[in-house]
Structure formats: C-alpha cells, structure tokens
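Taking it in order: structure first as structure tokens, then the write-up.
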C-alpha cells in the first residue's frame, strides 16, 4: 500500500537553526532517502518552501482568487513529505518514525494511507 508521510516543522525552530544544523538535517534526510530507495520503499519525497512563499488559491463564483502566505497563522507548517510503499499501517508508522525531521525538532508527523480513485470500484459505474 502507498502511504503519505507529512512532516510538520515549527517555524520558530526552523528560523533558529544554524547553517551547520541545517546542513546536518539535510544530510540526514539524504541518507534516509537513500536507504528507502535501496530497499524499494521510496516512491517520492520533497521538502517545501517556507510558508511565506505559499500562495492560497480559491475558486469563488467561478473566479480564481489568490492570496499570499498560508491561510491561517500558525507556528507549525507543512515542511515536506514522503510517499512510501509499505505492507501495512504498522510498517508505515515505523518508517515514518525514522524520518530525520520527525526525530529532531518537528512537532509532529502524520501518516495516511492512500488509494487510487481510478482503481476504486466505488467510483466506477
């Protein structure tokens, strides 16, 4: 099964990291990613820009509205994600617990099982 592992970081912590600490975190992710690839677990992963660079899009009355920055003020933000292949929920949780940012400074991570609407019989007639 495919799982989406969301990494949430604290903007307060992100802004206080030294260049050395940031480099160590990035290298830890690269090493973790390589292990997932080598074991056939990794489907995709990416880091995301800081929330200040986000654009919120909404369609209202058939018109696209765009605004800068996140929708809500929060100290936590979505910092990155992994899409992994795991046999079950327990294995996905174990893998997500090893994500470097989940172990150093991230306030929390989220693991969700995904499914394809294309293959789901409930959406086909």
Exposure proxy check on 82, 3: fewest-to-most Cβ neighbours within 10 Å is 3, 82
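FRET efficiency for residue 53 and residue 20, Cβ-Cβ distance as r, R0 = 30 Å, nearest 0.05? If you can, show how the numbers build up before the last one.
Values: r = 24 Å, r/R0 = 0.79.
Working from the Cβ atoms, E equals 0.80.
So what's Rg/Rh here for segment 20-64, counting alpha carbon atoms and using the Kirkwood radius for Rh? Could you put the intermediate results ahead of the total?
Details: Rg = 17.1 Å, Rh = 13.7 Å.
Value, to two decimals: 1.25.
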Mind putting together the pair-distance distribution for segment 1-86? All Cα pairs, 10 Å bins, whole percent per bin, short to long. 15, 36, 30, 16, 3
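Quick note: the coordinates plus some simple rules give every number you see, no bench work behind them. Note that this is a predicted model, so its numbers are computed, not measured. Note that each Cβ is placed from the backbone with ideal geometry, even for glycine, and that neighbours are counted across all protein chains shown.
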